[in-house]
Amino acid sequence: MWATGLFLLGAAAAVNAHYTFPALIANNTVTGEWEYVRMTANHYSNGPVTDVTSQAIRCYEDPSHPSTETFTVEAGSEIGFTAKSEISHPGTLQMYMAKVPEGETAATWDGSGDVWFKIMSEGPVISGGSLSWPSEHATRVSTVMPDSVPSGEYLFRVEHIALHSASSAGGAQFYISCAQLNVINGGSGSPGPAVALPGAYSPTDPGIMLNIYYPVPTSYEAPGPAVWTG
């Protein structure tokens, strides 16, 4: 009985240590959970994606969930996500966008192809022989969309790559969500470089497979393309 109790406590702790990004932050508003964010397949378990070659690495959405609404926001706005309950692991925070092609809508498009461009990447602070991660324990994360993003509908994607068990291939944990945006008053920028998801990452990329504890890294290279700043 005692052993069973310990197992259940351990399982509960493992689930509690995981997290989701269920709500969009935009226009100084926190929207409802899964209102403008596609409900992810881990919305009950909170479990991560660990296979960077799987389709789940894109948006991790639950295909059985009803359609998601699209939120209208001006180019140049601050946009982000809530983290539930919090980002409880050390790791890299990144955000991407992908413009919906003509003839499609954000509500129906699957995000396939070389379409994803990065607008934010936050790695560790390396100082005094140690690493600290600015997003760890955060309950909200955000960035400013470049004001030169062209008008139109987009998918907006957050990923947090938890690196506490990343010393071997497949050990990194990806926590992902995609929101649906309609960007207005946009600019004439040409976002890029654009990559496909899956396709942009390898399990052995230096920013995905590494030991963050020993020896402590003296540098960090985030996976994926360079950040587009507009």
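No value in this document is a laboratory result; all are computed from the given coordinates. Small disclaimer: the values here were computed from a predicted structure and weren't measured. So basically every Cβ, Gly included, is an ideal-geometry build from the backbone, and we count neighbours across all protein chains shown.
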> Between residue 127 and residue 54, what length comes free when the chain is fully extended (0.36 nm per residue of separation minus the Cα-Cα distance, one decimal in nm)?
Replying inline: 22.8 nm
> R0 = 30 Å: FRET efficiency of residue 28 with residue 229, Cβ-based, nearest 0.05?
Replying inline: 0.85
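Return a whole-number percent for the relative contact order of the chain, with Cα pairs under 8 Å and 6 or more residues apart as the contact set.
Details: 567 pairs, mean separation 58.3, N = 230.
The value is 25 percent.
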>> Nearest 500 deg cm²/dmol is fine: what mean residue ellipticity at 222 nm does the chain get from its DSSP H runs of n ≥ 4 alone, each adding -39,500 (n - 2.57), divided by its residue count?
In response: -2000 deg cm²/dmol
> Which stretch or stretches of segment 154-188 have amide N atoms under 13 Å from the point lying 7 Å from residue 74's Cα along the Cα→Cβ direction?
Replying inline: 184-187
> Comparing 218, 92, 139, which has the greatest mean-square fluctuation in the GNM of the chain with Cα pairs linked when under 10 Å apart?
Replying inline: 218
>> Using only the alpha-carbon atoms, how far is helix 2-16 inclined from the longest principal axis of the chain? Give it as 0 to 90 degrees, nearest 10.
In response: 30
> Roughly how big is segment 2-184's charge dipole about its Cα centre, with Cβ charges of +1 (Lys, Arg) and -1 (Asp, Glu), in debye to the nearest 20?
Replying inline: 440
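What's the FRET efficiency of residue 184 with residue 218 using the Cβ-Cβ distance as r and R₀ = 45 Å, to the nearest 0.05?
0.55
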> Taking the DSSP beta bridges in the chain as the whole, what percent of them are antiparallel, to the nearest 5?
Replying inline: 90
